1. State all residues of the range 80-99 that are modelled with pLDDT of 90 or more, assigned to a helix (DSSP H, G or I) and over 14 Å from the mean Cα position of the chain (by Cα); if no residue qualifies, say none.
2. I'm trying to understand the selection: among the residues of the range 32-59, which are more than 8 Å from the chain's Cα centre (by Cα) and closer than 18 Å to residue 86 by Cβ?
3. Looking only at residues that are in contact (Cβ under 8 Å) with a residue 40 or more places away in the chain and over 14 Å from the mean Cα position of the chain (by Cα) in the range 1-31, which one is surrounded by the fewest Cβ atoms within 10 Å (Cβ to Cβ)?
4. When you check residue 68 against the structure, is it within 16 Å of residue 37 (Cα to Cα) and either loosely packed, with under 12 Cβ neighbours inside 10 Å or out of contact with any helix residue (DSSP H, G or I) (no Cβ under 8 Å at 6 or more places or on another chain) (or both), yes or no?
């Protein structure tokens, strides 16, 4: 499920960014805007899980910043391309930064690793 939503999110964001870069009519981009926001919210919920820890870690903070920027597009239409490019930069940095920043809690001021969410379970080798 995580991979499916992540793929849909990347596709919707690609269409949204490309559409704005090539100045497509707003009504042609409405669906991709809402798909980007919707899949982003679902991914945030999957990543956060039942705990609030994710929201004050670097990874959650950056994700919420991306969602806020994307939601700002309809209200800051003249700045939509720079906003969406900033979202791409934040997404790239957030996805590839070291774990000491991804898992750093802004509230507790230390790294806190969470055992919940995608990628937290170790692969189990099948018995011979």
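1. 80, 81, 82, 83
2. Hits for the range 32-59 are 32, 33, 36, 37, 58, 59.
3. 1
4. So residue 68 fits the description; yes.
The values are calculated or read from the model by the stated rules, or taken from the named source; none is laboratory data. Keep in mind the model is a prediction, meaning the values are calculated, not measured. A quick note on method: Cβ atoms are made from the backbone with ideal geometry, for glycine too, and the neighbour counts reach across all protein chains shown.
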